[in-house]
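A.B. asks: Below you'll find the structure I mean.
The values are calculated or read from the model by the stated rules, or taken from the named source; none is laboratory data. Here the structure is a predicted model, which means the values were calculated and not measured. Here the Cβ positions follow ideal geometry from the backbone for every residue, glycine too, while neighbour counts run over all protein chains shown. Keep in mind that these areas ignore ligands, DNA and RNA; they rest on the heavy atoms of the full protein, side chains included. Shrake-Rupley method; radii C 1.70, N 1.55, O 1.52, S 1.80 Å.
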Amino acid sequence: MSKTAIFAGSFDPFTIGHKNIVDRALQSVADNVIIAIGVNQEKKHLFTLEQRLHAIQAIYRNNPHVRVESYEGLTTDYARQTGADFLLRGVRNVKDFEYEKEIADINRRLTGIETILLFTDPQHSSISSSVVRELHSYNKDIQEFLP
């Protein structure tokens, strides 16, 4: 039986850790991944929701096991609507892990939906969305900082 994971977040296009998490999830725990960009997660981004959707969709356009879409409301409600088997979260360090584990435990108790936490490989987590925003504010080209 096929397993589907929801990987939800704000997904700045140049935050390179998300692709590593999706690839690792497909190799180890999920047959399909839905990358879900929350409409309510319109934080202080460099890109609009439409631009982020387009950029992330372009990354996965040749992968039939990954679907990219937006959603409104709570992530857990969206996971239930899509019939997802679990939520997927990426973590960069132990501090992130502790925080995400607390959230995962709360979600499981409230909704019954499990969350799988995967560490981003260090070489894929060096550029974070906050760094992207900072570089952009100084008119720096993010491409020169990517490995």
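A.B. asks: Taking H placed 1.01 Å from N in the peptide plane, check which residues at least 5 places from LEU87 or on another chain put their amide H under 5 Å from its amide H.
C.D. replies: When sequence neighbours closer than 5 places are left aside, the close amide H contacts are ILE6, GLU114, THR115, ILE116.
A.B. asks: What net charge is computed for the residues neighbouring ILE21, neighbours being all others with C-beta under 13 Å from the C-beta of ILE21, Lys and Arg scored +1, Asp and Glu -1?
C.D. replies: Counting the neighbours of ILE21, the net charge comes to 0.
A.B. asks: For the range 24-101, which whole-number percentage of the solvent-accessible area (1.4 Å probe, protein heavy atoms only) is attributable to carbon and sulfur atoms?
C.D. replies: Here it works out to 48 percent.
A.B. asks: For the range 32-104, run through the GluC sites (Glu not before Pro) and keep only the ones in DSSP coil with at most 12 other Cβ atoms within 10 Å of their Cβ.
C.D. replies: Passing both the DSSP loop test and the Cβ count: GLU42, GLU72.
A.B. asks: Same structure again: Can you figure out the FRET efficiency of LEU117 with HIS54, using R₀ = 22 Å and their beta-carbon distance, to the nearest 0.05? Please report the intermediate quantities before stating the final value.
C.D. replies: Working: r = 28 Å, r/R0 = 1.28.
Step by step, r from the Cβ atoms, then E = 0.20.
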